[in-house]
Amino acid sequence: MIALYHPGQRAHDPKFFLSSGAQKPCPEQPSRIDALLSGVHSLGLTVQTPEDHGIDAISAVHPARYLTFLQTIHARWQHIPGASSEVIPNIHPANRSDGYPLSAVGQAGYHMTDTSCPISAETWSAAYASAQSAIAGAELILQSQRSAYALCRPPGHHAFAELAGGFCYLNNTAIAAQQLTLSGRKVAILDVDLHHGNGTQGIFYDRPDVLTVSLHAHPERYYPFFWGYPEERGHGLGEGANLNLCLPRGSADAAFLAALHQGLEAITLWGADTLVLALGLDAFEGDPFAGLAVTTHGFAQIGREIAALALPTLIVQEGGYLCPELGQNLAAVLQAFL
């Protein structure tokens, strides 16, 4: 297994976000990288810096209007008298089919689902570098590597095609899955994270060619609230190509593994020949978000169950926040693929 990480991913360093109306320190910090790399190094894995593969793979998922917004909004924001140092929206449309404003404030509300994705001067470059790690990982799988790990930070699975949200700006998992699909692979995405991969679901919801499976805390009382319910099965041609496996708050290893078995069965029945694993480690019992209670031993078993599919697998880092066991939990999963 080869691990991929670009040092430019450190540049994004949001100072705060709004949670329940209160200003709080942002938990999606650059120091997450050090904790995750500690897990990679503990296994003796080679870490490569990805080459710049350009914008094409990103543009295959995210429209030009949105990419222009990400690249320019911070500079435009600074021209607003009294504006905050980071872009945080204060208004949102009722529907994204409503009018598209020219105002920086209006476009921030249009392209950002919530207040947990602040944009600084360095956000675009870091998100771009993060996406390059996923793109390079997909290239390794296409070159017959059986498994690869993309340390993507900032993460991506809450980003829709034209929406940032939940610490996410570019959907690294979707970018990699689209790249593999366009190269002829039959791809399944398995998202194992405390939070539902709502952006990933949204990107593929109308499509029959990519199966999306997400294990997460039930959204009826948990972020992202509006997406991730069991009845969401896909739309139109995508009907049946989306599976949400919701867990009660506080669920531990046994419940998580039982749901995982359902997801793995769906992937097998669908006939996937390639897997993109959107790996969140925030289901851990000691994670700051404290929504689920998976143990380090549980993560090891999760890794073994997924690796037993024996599919070429790209592992893309999603959630997992600062706690002493973060690197250990990553190593527990990756060990199964070695």
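When we screen Val316, Val333 for residues that are closer than 28 Å to Ile2 by Cα, in contact (Cβ under 8 Å) with a residue 24 or more places away in the chain and touching a Cys at 6+ places or on another chain (Cβ under 7 Å), the only hit is Val316.
Here the condition is being under 24 Å from Gly44 (Cβ atoms) and more than 18 Å from the chain's Cα centre (by Cα); of Ala310, Ala290, Ala266, it holds for Ala310 alone.
Restricting to region 194-212, give me the number of residues that are within 28 Å of Ser19 (Cβ to Cβ) and out of contact with any Phe, Trp or Tyr (no Cβ under 7 Å at 6 or more places or on another chain). Selection size over region 194-212: 3. Looking only at region 193-201, decide whether some residue is closer than 21 Å to Glu162 by Cα and of a type in the set (A, V, I, L, M). Checked region 193-201: no residue is closer than 21 Å to Glu162 by Cα and of a type in the set (A, V, I, L, M). Residues being within 27 Å of Lys24 (Cβ to Cβ) and not hydrophobic (A, V, I, L, M, F, W, C) are entirely absent from region 135-152. For region 118-158, a tally of residues being touching a strand residue (DSSP E or B) at 6+ places or on another chain (Cβ under 6 Å), of a type in the set (S, T, N, Q) and more than 10 Å from Leu314 (Cα to Cα) returns 1.
The residue that is farthest from the chain's Cα centre (by Cα), among those in region 68-98 that are among the hydrophobic types (A, V, I, L, M, F, W, C) and crowded, with 18+ Cβ neighbours inside 10 Å, is Trp77.
For region 309-334, the candidate set comprises residues that are among the small types (Gly, Ala, Ser) and in contact with a helix residue (DSSP H, G or I) (Cβ under 9 Å, 6 or more places away or on another chain); within that set, the residue that is surrounded by the fewest Cβ atoms within 10 Å (Cβ to Cβ) is Gly327.
Somewhere in region 181-188, is a residue part of a strand (DSSP E or B), within 21 Å of Leu309 (Cβ to Cβ) and either touching an Asp or Glu at 6+ places or on another chain (Cβ under 9 Å) or not aromatic (Phe, Trp, Tyr) (or both)? Yes, region 181-188 contains a residue that is part of a strand (DSSP E or B), within 21 Å of Leu309 (Cβ to Cβ) and either touching an Asp or Glu at 6+ places or on another chain (Cβ under 9 Å) or not aromatic (Phe, Trp, Tyr) (or both). Checked against (1) surrounded by fewer than 24 Cβ atoms within 10 Å (Cβ to Cβ); (2) hydrophobic (A, V, I, L, M, F, W, C); (3) closer than 24 Å to Tyr128 by Cα; (4) touching a helix residue (DSSP H, G or I) at 6+ places or on another chain (Cβ under 6 Å), Phe225 passes all but condition (3). For region 300-326, residues that are farther than 19 Å from Ala290 by Cβ and not in a loop (DSSP other than H, G, I, E, B) total 12. With in a loop (DSSP other than H, G, I, E, B) and farther than 30 Å from Gly54 by Cβ as the only criterion, which of Glu220, Glu231 stands out? Criteria check complete, one pass: Glu231.
Note on region 3-34: among residues that are at pLDDT 95 or above and of a type in the set (Ser, Thr, Tyr), the one that is surrounded by the most Cβ atoms within 10 Å (Cβ to Cβ) is Tyr5.
Screening Ala252, Ala283, Ala241 for residues that are on the phi < 0 side of the Ramachandran plot, crowded, with 18+ Cβ neighbours inside 10 Å and in contact (Cβ under 8 Å) with a residue 40 or more places away in the chain leaves exactly one candidate, Ala283. Within the option set Leu163, Leu190, being within 21 Å of Met112 (Cα to Cα) and among the aliphatic types (A, V, I, L, M) holds for one residue only, Leu163.
Residues of region 49-78 that are over 17 Å from Thr173 (Cα atoms), β-branched (Val, Ile, Thr) and part of a loop (DSSP other than H, G, I, E, B): Thr49 alone. Between Tyr66, Tyr5, the distinction of being in contact with an Asp or Glu (Cβ under 6 Å, 6 or more places away or on another chain) and closer than 30 Å to Leu182 by Cα belongs to Tyr66 only. Contact annotation: residue pairs with Cβ atoms under 9 Å, 6 or more positions apart or on different chains, pairing a residue in region 35-50 that is of a type in the set (S, T, N, Q) with a partner that is in a strand (DSSP E or B), are Thr46/Ile2; Thr46/Ala3; Gln48/Ile2; Gln48/Ala3; Gln48/Leu4; Thr49/Leu4.
The values are calculated or read from the model by the stated rules, or taken from the named source; none is laboratory data. Just so we're clear, the structure is a prediction, and the values are computed from it rather than from any experiment. Heads up, the Cβs are rebuilt from the backbone with ideal geometry, glycines too, and the neighbour counts pull from every protein chain shown.
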